[in-house]
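This report concerns only the one structure given below.
The values are calculated or read from the model by the stated rules, or taken from the named source; none is laboratory data. Note that the coordinates shown come from a computational prediction; the quantities given were computed from them, not determined experimentally. Cβ: placed from backbone, ideal geometry, glycine included. Neighbour counts: every protein chain shown. Accessible surface areas use protein heavy atoms only, side chains included; no ligands, DNA or RNA. Shrake-Rupley method; radii C 1.70, N 1.55, O 1.52, S 1.80 Å.
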Amino acid sequence: MADAISDLLLLLNKDDIRDFKTFLKQKNKRNDVKNIKLLEIIETDDINKLKKLYDPIKNRDAYHALRKRLHDSLLFFLSNKVFERDNSEAHEALRLFVVGRFLLESQFIKIGFKCLQRAEDKALVLDQFSLLNEILQIRLQYAHLDLNVNLELLIDRFTENQQKLQQEAKFQIAYALLRSALQDIHLKAKIIDINKLILSVLSKYSISLDDLLSFKSLYQLLYIANEYAAIHQNYTLVRSFLKTADNFLMKYDEQSAHQLFYYLHILYYLANFNLRNGFFNESIGYLERLNEVLSQGNTVFRVQFQLRCHLLMALNFHYLGDGVKGLSVLRAGIKQASPKSSEVDLADLQLCLVMFLTQFEDKTALIELRQLIRTDAWYEKKMGMLWTIRKSLLEILIHIQFDHIDLATLKLKSFVGRYKKYLLNVKENRVIDFAKLVEKYLLNPAVIQGKSFRAAVQTMAEDKENKDLFIMGFIAWLKALSVSQSPYQVLLNLIKEDSRRSIMKVINNKYVRRFVSLKSQSSSVVFCRIRRLP
């Protein structure tokens, strides 16, 4: 329990902890209660004082009871703080409902119905079907006291909302099943055909997305699509979502301010989808819109998206050919990271920095790689297998790049031993093929001049499955071995060649176009302060 209390205390600032102690003092009915002393001991992590608080043998039960009471008091205090600080429209609708119900129960009929009407209006805009169900039930319960009510219309509204509530419930079941399946693929290397699973789940629960599409459901769909594309390292699989999402945002743009959480995540996912599909300017347009919304004062969301926005913006500049600006944005993001920043997001930025420096043939790449201090097992759990594999491959390439041949050979052998079975299970043969070419080069550097080696690299570059930007970066490194160009120059050439070969229909994206025309921000601009890029 002490660990749980320590974790909960991290959610409080100094003023909050002072208020919590005051709360405990007011709650204590006797002067000999030791909950405040226990709190102070947990704050300082003083084991010796903890032993003196209670005899660990004679008073074990009393000590555990004290910890439980402190834990429960802290949860109660936190719940009050959350409601005090949360000024969202959803909580406002909930407050109005609670007050309206209380007033009706207390026979304050007129003002009670007014509160319920305001709560219903807010809940309707927010697609809060569950809350609407509660509101409409109370209105039906007291309808006989409402002289202005049209009972038939009220019943119709209740019935229609019930249908939406049931549809949403079915969608949440489907979403939970899909998230669970993705987690098994991501962390356990479980083999699942996601396409078949999606179709079977939607069919089983008779889900119609056309009837249910909302800010929340669109956000959830984009999340699933993002994870699916990341697993396959192929974002063309989710290209159809770009038009669907854009049309939805155009249609419901005025409601976006009421759905800020989902709206911001949708913008972020669309920026990511456009980036990974090679629509860099469109991606920047979404990021600029995201930055514009975040600049309007929501500190919580700014902190949440700060590092992610820097990452996507840096990648866009990098692939557009402005590597210097991309590097500057990336370093600025890392510099702005604070102890409260997500370690996952910071790891993404750091690995991206290593990737950039490797492509620039910069010797500081290895120094920056050493900033990723966690074990591979930790990264596999927190970042996923493919992320950790990319990190391990980059380390091997850096050592080769700077003539640490023996160490690179040792690292490659370790890499194959650790990940070959996993890669074969998930049918990632392209990574195994890449490792084999690297091994050939380590055994005989002159092999890069041979026709068979060059042909193998070229075949890899032209394979449709290898058009992901990150995969192209590794292929560019191999190709650069036999030409007088840096891996970054080769990468840009591969992107241009791919663009020329592909007949890509640029989406008629009116929504983004409104923001693409904004003046490009300079490298000195503070980008939006902050779900990581797969």
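Roughly how many nanometres apart are two label points built 7 Å out from the Cα toward the Cβ at D184 and L165?
Here the answer is 3.2 nm between the modelled labels.
Arranged from highest to lowest average of other beta-carbon atoms within 10 Å per residue, in what order do the peptides 33-42, 130-139, 457-466, 265-274 appear?
Packing order, densest peptide first, comes out as 265-274, 130-139, 33-42, 457-466.
Quick check: pseudo-label points 7 Å beyond the Cα along Cα→Cβ at V98 and A257, how many nm apart are they?
Label-label distance for V98 and A257, simple model: 2.6 nm.
Okay, helix-only estimate at 222 nm for the chain: each DSSP H run of n ≥ 4 adds -39500 (n - 2.57), divide by all residues, round to 500 deg cm²/dmol; what do you get? Spell out each step's value before the answer.
Numbers: 27 runs with 391 residues, N = 534.
Calculated mean residue ellipticity at 222 nm is -24000 deg cm²/dmol.
Tell me the net charge near L357. Cut-off is 13 Å between Cβ atoms, L357 excluded, with +1 for each Lys or Arg and -1 for each Asp or Glu.
-1
With θ set to phi - 60° and the Karplus curve 6.51 cos²θ - 1.76 cosθ + 1.60, what are the ³J(HN,Hα) couplings of segment 158-172 in order, to the nearest whole Hz, using x for Gly and Pro?
5, 5, 5, 5, 4, 5, 5, 5, 5, 4, 5, 4, 5, 5, 5
On the accessible surface of the chain, probed at 1.4 Å, how many percent belong to carbon and sulfur atoms? Present the calculation step by step, with values, prior to reporting the outcome.
Working: 15280 of 28400 Å².
Result for the chain: 54 percent of the exposed heavy-atom area is carbon or sulfur.
Before I look further, what does segment 1-41 give for accessible area per residue, probe 1.4 Å, in whole square angstrom?
On a per-residue basis, segment 1-41 sits at 70 Å².
How far is it, in nm, from the label point at V82 to the one at V416 when both lie 7 Å from their Cα along the line to the Cβ?
My value for the distance between the label points is 5.2 nm.
Can you give the FRET efficiency to the nearest 0.05 for T244 and D61, using r as the Cβ-Cβ distance and R₀ = 45 Å?
After rounding to 0.05, the efficiency reads 0.15.
What is the extension gain from N493 to K382, computed as 0.36 nm multiplied by their sequence separation minus the C-alpha to C-alpha distance, in nm to one decimal?
36.6 nm
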